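Written out below as structure tokens is the structure these notes cover.
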Amino acid sequence: MDDEGSVSEECGRRRKVHGMLKLFYGLNEEGKAPEQPQSLDPCDINGPHFDPELYLNKLRRECSLAELMDHETCMVKQIRSLDSDMQTLVYENYNKFISATDTIRKMKNDFKKMEDEMDCLSANMAAITDFSASISGTLQDQHAQITKLSGVHTLLRKLQFLFELPARLNKCLELQAYAQAVSSHRRARCVLQQYSHLPSFKGIQDDCNSIIEKLAQELRQKFRDGGTSAKDLSECVELLLQLDEPAEELCDKFLSHARSRLELDLQGLEAEIKPYPKTSVVKEAATRRTLSTAVAGSPSDNSPKMLSLPSPTPNTDILEFIDRGCNEFVSSLCLVITSYQELFINHAQTGELASKNIPQMANGKLQAFVDDLATCYFLLVERRIQEEKGVGDNSLLVRALDRFHRRLQAVAKLLPGSNVPNQGTEIVIRAATERVKQYLTALQSFYMDSLTDVRQALATPRISVAGASVAGGGAHLGGPASGRDAPNSLPELLSSLSASILNQIKSVLASVHLFTAKDITFSNKPYFKGEFCSQGVRENLVVNFIRFVCQSSRQFCESAGDKGGSSPPALLLLLSRLCLDFETSTISYILTLTDEQFLVQHQNPITPVTTLCGEAREAAQKLLNHYVKVQGLIISQMLRKSVETRDWVNTIEPRNVRAVMKRVVEDTTSIDVQVGLLYEEGVRKAHSSDSSKRTFSVYSSSRQQPRYAASYTP
């Protein structure tokens, strides 16, 4: 603490000393003299006009002896303090003073040396100026003659180049230095054209034209063969354009050669599609194109040659087919587009070719070329997708469509104005929609098969039904469940049927969900995700299947005959309870599951849950009413026949209950038991006639099947 106190006191003392020095020298806080008028008072001890004699005389006149002694003491203290501070400052900055002194001494030596060098440079510049003036004076008379001779020399060199041009072109033609030959001819072409009226220049021009014509023929043949590398082909096209070859004809030849190779890839793809068609899609397109060019009057040698169709190969899966199409056809098409744009569009926008309006013409031909071949390719892809009829493993189709969509984006980047990516996207959407329709058909078929199994179980409840789908509870679409005993009671049949339907819907949603996986490129696109999830999956698959269940159930009520129809009454009661369960819980659960899995956006018009629940409840009520009608018709016909067939006039007095009445009571009790198993809640006892004295117990459905709690008044 003492050390900190001493340090702070030392710092305060230094600040005070610096303040006194600044005050003595008249400096402000920034170390500069304040901009204020100087004092003219000779008695101001800090002013520039201070006069000691006047100051002393003033003090002697105005101050007493004691004040003079005090003033002297104070002044002596200030003088001593300033001297001490000056010594302290000099001591603290001693090294700086020494360094400054050395620097000043060194600067003096350097400046002296620099002055000597500047004097020498000045003398040399003066000598150079005198020498230059002497040379200019000596050559002034010959300057015009030298300029004239230089011009003549340049002209002679040009003439020598012109006279040697035919030999130079022949030499380049022999060495296949086509670029150098074309460059030399272009340099001399304007001069030869300008002086073609002179016989000597006319002869040189004719010789050069004949040589250049031979060169152009070789370039055309080289371009027509197409067996060279891309760099050589690019150079060939560039030289032909520089030789004023028609750009449109070059574009047609280039695209014709590329078409023949791409059509070979398409025919290879078509060979993998079964059944093998009698008429080839590629051949049909080529025939239509040949006819159109013949009508337009185009030369016959520009039409592509027909390639022999390869023999069909064993059918491959959809992913291998798309891979081959992308790796062969789409990759080759991208290379053709890149080469074509480099030759006729990008390169033609620079240099002398920019004024010939080649890019617009070339781009139009490229667009038509790509659209034509892409249409053939898309037809093959759609035909191959249509062969995917199975609803088992969906991953191969999704991966194939993803790869197909991903590779077409390269075409979109190379050719922004092309309609190819949009057509490919439409194929993906149609394929996904068609797969949803296939799943809907499979669900409907599964439901009808399940109803058939239920009817068989109701007809033979005691016999083992092997392979019943309704007993499986989780069998996949299109395949039966493992053999097991069919359920005997209505609650078991209802539980098994409901569980199997729900499991199949979950399985189908899981398969369709592959279309919206995060690693699938087209799944995140707005043109696919929103429409596919809301309309494709929710409406066309889930909602349509729920409505199919309700409609098919209502159809059992419309097929009634005179004897109550061919449908078992127990089936009507079971379907009624199934539709009621759909209304209470199943529909909302399925739609909620669909919305959560597919992130369905409710911006598009969708069917509300209440509408579907209303349809299910209506179907349940209609089935229950029809069940009552059928059972009542059966009992009433039994009573009517018993009355009509008996001779009531000659009959004896009845002593006990007739058998038909016992049968009526038993049937009524059986109906009560059936309804109670599915609808009633609680336990009650129903008795038969007094004469039989038998009790029929009605078991509570809430004890055997808690899931089917009564929410419906029987």
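Computed values, structure above
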{"item": "Rg [Å, one decimal], Dmax [Å, integer] - segment 508-548, C-alpha atoms", "result": "10.8, 34"}
{"item": "Entries of LYS506/LYS622; LYS629/LYS662; LYS437/LYS518 with Cα pairs more than 25 Å apart", "result": "LYS506/LYS622"}
{"item": "Separation of the SER395 and ASN327 label points, Cα + 7 Å toward Cβ, nm", "result": "2.0"}
{"item": "Segment 404-458, accessible surface, carbon-and-sulfur percent (1.4 angstrom probe)", "result": "51"}
{"item": "Highest average packing first - 628-635, 649-656, Cβ atoms within 10 Å", "result": "628-635, 649-656"}
{"item": "Estimated Rh, segment 60-166: Kirkwood, alpha-carbon pairs, angstrom", "result": "23.4"}
{"item": "Relative packing of peptides 78-89, 329-340 - highest average C-beta neighbours within 10 Å first", "result": "329-340, 78-89"}
{"item": "Per-peptide average of other Cβ atoms within 10 Å, ordering 521-530, 370-379 highest first", "result": "370-379, 521-530"}
{"item": "Residues of segment 566-673: accessible area per residue with a 1.4 Å probe, Å²", "result": "56"}
{"item": "Segment 505-599: radius of gyration over Cα atoms, expressed as a fraction of 2.2 N^0.38 Å", "result": "1.43"}
{"item": "Surface/4 of the Cα convex hull for segment 176-220, nm²", "result": "3.0"}
{"item": "Accessible surface, segment 172-213, averaged per residue in Å² (probe 1.4 Å)", "result": "59"}
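The values are calculated or read from the model by the stated rules, or taken from the named source; none is laboratory data. Everything numeric in this text was worked out from a predicted model, so none of it was measured. Reconstructed Cβ throughout: ideal geometry from the backbone, glycine too, with neighbour counts over all protein chains shown. These accessible areas exclude ligands, DNA and RNA; they are computed on the full protein's heavy atoms, side chains included. Shrake-Rupley method; radii C 1.70, N 1.55, O 1.52, S 1.80 Å.
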